[in-house]
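J.: So that we are looking at the same thing, I have put the structure below in structure tokens.
We did not get these values from a lab; they are worked out from the coordinates using the rules stated. Quick caveat: nothing in here was measured; it's all calculated off a predicted structure. Ideal geometry is used to build each Cβ from the backbone, glycine not excepted, and the neighbour counts take in all protein chains shown.
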Amino acid sequence: MTLGVQFTGTLAPNQTANYYTFGWQSAWDVLWQIMPTSTGTASQVQWTVSTELSGTAITYWIMIKNLTAAAIDFEGRYAILNA
Amino acid sequence: MQLITKRSRMVQPDGHQDALTVTEAPANAGVVRSVGAPGGEPVPGPFGGPGGGGANKFADNGGAVIEIARLQLIYWGSAWGSSPAPSPTSAQVTSAVQQIFSGPYMTGLTQYRDIGRGHLLGSVVVTSSNPPNPFTDTNVSNFIAGLISAGTVPGLDAAKANLYFVVMPKGVNSSSGGVIGEHTYYTDGSGNRIHFGWVTNNGTLPYVTNVLSHELVESCTDPEGSAILGVAGTCSGGGWCEIGDVCESTSGVVNGITVQSYWSNTNNKCIVPAWPATTYPYSGTQFTYTIPANQTVNFYTFNWPEYEFVVWEVVPTTAGTAAEITWNVEIQRASGAYVTYWISVTNLTGAPVSIQGRYTVLGIA
């Protein structure tokens, strides 16, 4: 198991943004989690993950939605389950 | 710009200063996770200093804290761009700070109003000017204000959690004799309090990170001299009496980086926290419920440590003939240290479906 932070970002109030990260080995099983680094009083973020085989590697497309009326900072965390 | 006159300072060791609610659902569908179970709380590492006794040394005076620091590093002076490169290099210091943030060092701050780990906002090397030698707090605050104004470093964001640390070149010292690091704040033209600090440099990385870590935890717990402060008799020096001030004689290593210990009321001694002695991954069932036909029920479960990577799965325990359940997960950073997971579960069928909400804690991210 390998875990880490791949990217950080900021979302404006109610903004949805797409991030992508490429060059991940296709044999890896990778999970993604978006962790707010701004505090909030209710649910702050949701995200969906899409995948693309680009050559021999995987590109992850991560759509992140800020559910709040305030700007939020976040970390994009990954877990490689089999590496 | 107003610079306050009191501040916290680090001196040479021989110096003299110093649920259960379920939204839209019956009450019995609540979800609770107790603090520290089953993942456990960070525990102090093997670097603790001598313990004291009796009542807490530090009290919360209710002033501002920084729950999740956004640290901007600023390397000031042409020496940072010299050839050969200085020791340590700015890159080495920046990398070390990243290691401090990714490790357990700050997890012991949870006891102080749920302060959590910070993160590195960025780093910048400014070689176009040099700090006066000796320098004053006003020299540093004017320098930072100029960088913010010029857009060289980011200004405050909505959370106002920015922390600006200036790292000095080797041999550049404070006009306050014996003071090797300090944090304080100034008030900008908009009335915002800008939290900053400075760190001197003896040419070794452990020295810089030791001083920097001291100022970091103190900046988070007491950025304005009004929050976590020593009770009467805790400190003998001047300035704000803060959690690093009583632990200057002990340090530890986190992720290979030297850091200074800080006072823990919980442990009643100086600590350098370590990760909990938990074997990852581990799994369990956090909640059960019966979802009425064609309904969506929202659950939340709180007090999960922010550093743990948790994945959720909702499975039916009622047999079906087609897909029965879908769910999605949203996250709330309820505090610097803790996360609340919001799990929305939809019954896709025309009959009640019993479910289990299962978690797996993969590890530390």
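J.: At a threshold of 8 angstrom on Cα-Cα distance, excluding pairs fewer than six apart, so keeping six or more, what relative contact order does chain A reach in percent?
T.: 52
J.: Taking N as the number of residues in segment B:282-364, what is its Cα Rg relative to 2.2 N^0.38 Å?
T.: Rounded to two decimals, the normalised Rg is 1.15.
J.: Oh, and also: Assign unit charges at the C-beta atoms only (+1 for Lys and Arg, -1 for Asp and Glu), then state the dipole size of the protein assembly as shown relative to its Cα centre in Debye, rounded to the nearest 20.
T.: In total the dipole reaches around 120 debye.
J.: On alpha-carbon atoms, Rg over Rh for segment B:97-254 using Kirkwood Rh?
T.: 0.93
J.: While we're looking at this one, here's another question. Could you tell me which residue out of B:Met106, B:Leu147, A:Gln6 lies farthest along the dipole of the protein assembly as shown toward its positive end? Charges go on the beta carbon: Lys and Arg +1, Asp and Glu -1, centred on the Cα centre.
T.: Looking along the dipole axis, the top candidate is B:Leu147.
J.: How compact is the protein assembly as shown by the rule of thumb for globular proteins, expressed as Cα Rg over 2.2 N^0.38 Å?
T.: Normalised Cα radius of gyration, the protein assembly as shown: 1.06.
J.: In bins 5 Å wide, starting from 0, what share of all Cα pairs of segment B:76-124 does each bin hold, as a percent?
T.: Distribution as computed: 4, 19, 21, 16, 14, 11, 8, 5, 2 percent.
J.: Continuing with this model, one more query. Could you list, bin by bin from short to long, the percent of Cα-Cα pairs of chain B in 20 Å steps?
T.: Histogram of Cα-Cα distances, whole percents per bin: 28, 48, 21, 4.
J.: Compute the orientation-averaged projected area for segment A:35-83 from the convex hull of its Cα atoms and round it to one decimal in nm².
T.: 4.5
J.: Now a separate question. Looking at the protein assembly as shown, what % of its DSSP beta bridges pair antiparallel, to the nearest 5?
T.: Roughly 85 percent of the DSSP beta bridges within the protein assembly as shown come out antiparallel.
J.: Another one. Once every DSSP H run of n ≥ 4 in the protein assembly as shown is given -39500 (n - 2.57) and the sum is divided by its residues, what mean residue ellipticity at 222 nm do you get, rounded to the nearest 500 deg cm²/dmol?
T.: The per-residue figure over the protein assembly as shown is -3000 deg cm²/dmol.
J.: Also: Give the Cα extents of segment A:2-80 along the principal axes, in whole Å, largest first.
T.: 41, 22, 15
J.: Give the share of C-alpha pairs in each 10 angstrom bin for segment B:175-264, from 0 to the last occupied bin, in whole percents, shortest bins first.
T.: Histogramming segment B:175-264 at 10 Å steps yields 16, 47, 30, 7, 0 percent.
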